[in-house]
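The values are calculated or read from the model by the stated rules, or taken from the named source; none is laboratory data. All of these numbers come straight from a predicted model, not from anything done at the bench. Cβ sites come from the backbone with ideal geometry, for glycine too, and all protein chains shown count toward neighbours.
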Amino acid sequence: MDRYIARDPKTGLPLQIGEKGIPGHVDEAYRAPRGYWDAIKHFDIIPLASGSVQALEVRWREKPQLVSRADGIRALPRVMRSDPDAVQEQLKFALSDINSEIRVAALFSLPYCALVEAEYLFEHLNELLDDVDPFVRKSASKCLEIVSPVFPSATEEILSQELRSSNINRRKPAYDALKEMSKVWPEVVVFHLDDLLRLEDDKLRVEAAKILPSLARTKSASVWDLIGWALGDDSDQVRTQAARTLPTLAASQPRMAKILIENSLFDTCAAVRKPALRALNSMDITGFRMNRLCVDGARHTDPSIRRACILMMPRLFTESEMRIQAAELLRQETKPDLILLLEELARDAEIDGSEDEKNRYLAKAPPATDIDGIPILPPVDVPPQKQLSSQEKRDEPKSKE
């Protein structure tokens with residue numbers, strides 16, 4: 001069986017490489033936030049985290065700073081490669097400590113120490129999500145948000161519970177983790193959304209549908225099935241969130257987008273029709289199926305849909321077909337500006353146009369020929385002769401002599 005490789009949720013790069021799970025490299029994007037606990041010497045971290053040393057004075061940014069056991073626990077990720085066994089032992093003790101400040105510090109270090117050894121750590125995380133201290137619960141939710149994109153299998157059940165929580169403060173970090181996970185593990189996100197979109201609670205379905213736009217570029221039939229399912233939901237808000245994927249699908253998967261647009265374009269909710277119309281305008285709309293969709297859209301109750309479909313008719317039909325369709329639509333159109341637009345499309349310039357427009361369609365006259373069929377050339381222009389007066393006419397013969 002292949003060794004599990006933790007990956008960074010932003011870059012998708014492995015967070016650790018090496019033999020027997022010992023990290024040879026840790027991606028910079030997945031490091032513990034810096035703080036004054038980074039000034040603790042390596043050899044002082046374990047004694048301080050275990051409580052053998054109560055406090056130490058360090059210099060952080062040229063200022064003296066007093067650090068305690070909680071700070072030593074926050075510094076544990078710095079020595080997780082050099083002394084992994086001691087780090088795991090101290091972290092497990094801290095996660096079950098009676099002092100809430102120590103438990104919060106342990107949750108801070110858990111995501112980064114789990115890269116070396118994750119055994120039992122996520123069990124502690126699951127328990128601390130229901131801790132009596134609200135600050136510990138908040139820290140546990142933040143911890144889950146960080147580790148879920150990196151350890152999707154280990155946190156699957158925990159994340160599933162948090163996604164369905166009635167408490168918004170616990171549910172929001174779980175959905176943030178799900179959105180971050182879509183960049184690296186889209187198939188895991190699809191697994192969670194498939195269950196969430198079937199729940200009876202409208203709020204949970206709406207929050208689940210908000211994740212769909214981040215999956216729109218994923219070439220997966222499972223993703224397209226989720227989008228189609230959400231577009232048929234009873235809730236307008238769920239359909240609105242799902243419709244946000246249509247412009248993206250129109251650019252990356254136009255054939256699938258055409259199928260989904262057919263229903264969304266005639267949705268009763270204007271917020272669903274708007275992105276569907278935007279997607280339709282950006283697509284190649286040739287073909288019988290799109291012709292039928294355009295004609296049906298020109299009869300829609302929404303004037304903006306009718307206008308958009310009417311403007312597409314010159315791209316879809318020949319001139320004669322367009323005039324026939326426009327004439328039929330004129331019988332039921334009531335909006336003045338659309339009536340003018342349809343009249344312009346239905347107008348035949350050869351019959352209804354001005355004299356100049358009609359003359360453009362007239363055939364040229366055939367050339368004149370004689371009885372033998374030889375073309376008769378036009379007469380050569382003769383320069384006009386000067387008109388002579390009566391005296392000049394009498395004098396003309398003399399001048400010739």
(request) Confirm whether Val184 is in a helix (DSSP H, G or I) and modelled with pLDDT under 95. (result) no
(message) Residues to consider are Ser153, Ser109; find the one that is small (Gly, Ala, Ser) and in a helix (DSSP H, G or I).
(response) Ser109
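Okay, residues lined up against (1) in contact with a Lys or Arg (Cβ under 9 Å, 6 or more places away or on another chain); (2) among the charged types (D, E, K, R):
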{"site": "Ala105", "(1), (2)": "yes, no"}
{"site": "Pro111", "(1), (2)": "no, no"}
{"site": "Pro134", "(1), (2)": "no, no"}
{"site": "Pro173", "(1), (2)": "yes, no"}
{"site": "Leu178", "(1), (2)": "no, no"}
{"site": "Lys183", "(1), (2)": "yes, yes"}
(request) Working carefully through the options Arg323, Arg331, Arg299, Arg394, find the one that is more than 25 Å from Phe266 (Cβ to Cβ) and at pLDDT 80 or above. (result) Arg323
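Which one is farthest from the chain's Cα centre (by Cα), of the residues in segment 50-99 that are under 20 Å from Arg137 (Cα atoms) and among the polar types (S, T, N, Q)?
Taking segment 50-99 first, the residues under 20 Å from Arg137 (Cα atoms) are 70-71, 73-74, 91-99.
The next check asks that each one be among the polar types (S, T, N, Q); those that pass are 96, 99.
Numbers: Ser96: 42, Asn99: 44 Å.
Of everything passing the filter in segment 50-99, Asn99 is farthest from the chain's Cα centre (by Cα).
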(message) Which condition from (1) among the acidic types (Asp, Glu); (2) within 16 Å of Pro111 (Cα to Cα); (3) not in a helix (DSSP H, G or I) is the one that Glu145 breaks?
(response) (3)
(request) Taking only segment 16-74 into account, find how many residues are among the β-branched types (Val, Ile, Thr), modelled with pLDDT under 85 and crowded, with 17+ Cβ neighbours inside 10 Å. (result) 1
(message) Could you check segment 96-110 and list, in sequence order, the residues that are without any contact (Cβ under 8 Å) to a residue 60 or more places away in the chain and surrounded by 23 or more Cβ atoms within 10 Å (Cβ to Cβ)?
(response) Arg103, Val104, Ala105, Ala106, Leu107, Leu110
(message) The conditions are (1) at pLDDT below 90; (2) under 22 Å from Ala114 (Cβ atoms); (3) among the polar types (S, T, N, Q), and Ser160 fails exactly one of them. Which is it?
(response) (1)
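To keep it simple, each residue is scored yes or no on (1) touching a Leu at 6+ places or on another chain (Cβ under 6 Å); (2) at pLDDT below 85; (3) in a helix (DSSP H, G or I).
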site: Leu249; (1), (2), (3): no, no, yes
site: Asp267; (1), (2), (3): no, yes, no
site: Val272; (1), (2), (3): no, no, yes
site: Ala276; (1), (2), (3): yes, no, yes
site: Asp284; (1), (2), (3): no, yes, no
site: Met290; (1), (2), (3): no, yes, yes
site: Val295; (1), (2), (3): no, yes, yes
(request) Write out, first by first residue and then by second, each pair whose Cβ atoms fall under 9 Å of each other, whose residues are 6+ apart or on separate chains, and whose first residue, in segment 37-50, is without any contact (Cβ under 8 Å) to a residue 40 or more places away in the chain while the second is among the aromatic types (Phe, Trp, Tyr) and surrounded by fewer than 18 Cβ atoms within 10 Å (Cβ to Cβ). (result) Trp37/Trp60; Ala39/Trp60
(request) Could you tell me whether any residue of segment 130-153 is crowded, with 17+ Cβ neighbours inside 10 Å, more than 27 Å from Trp185 (Cβ to Cβ) and of a type in the set (A, V, I, L, M)? (result) yes
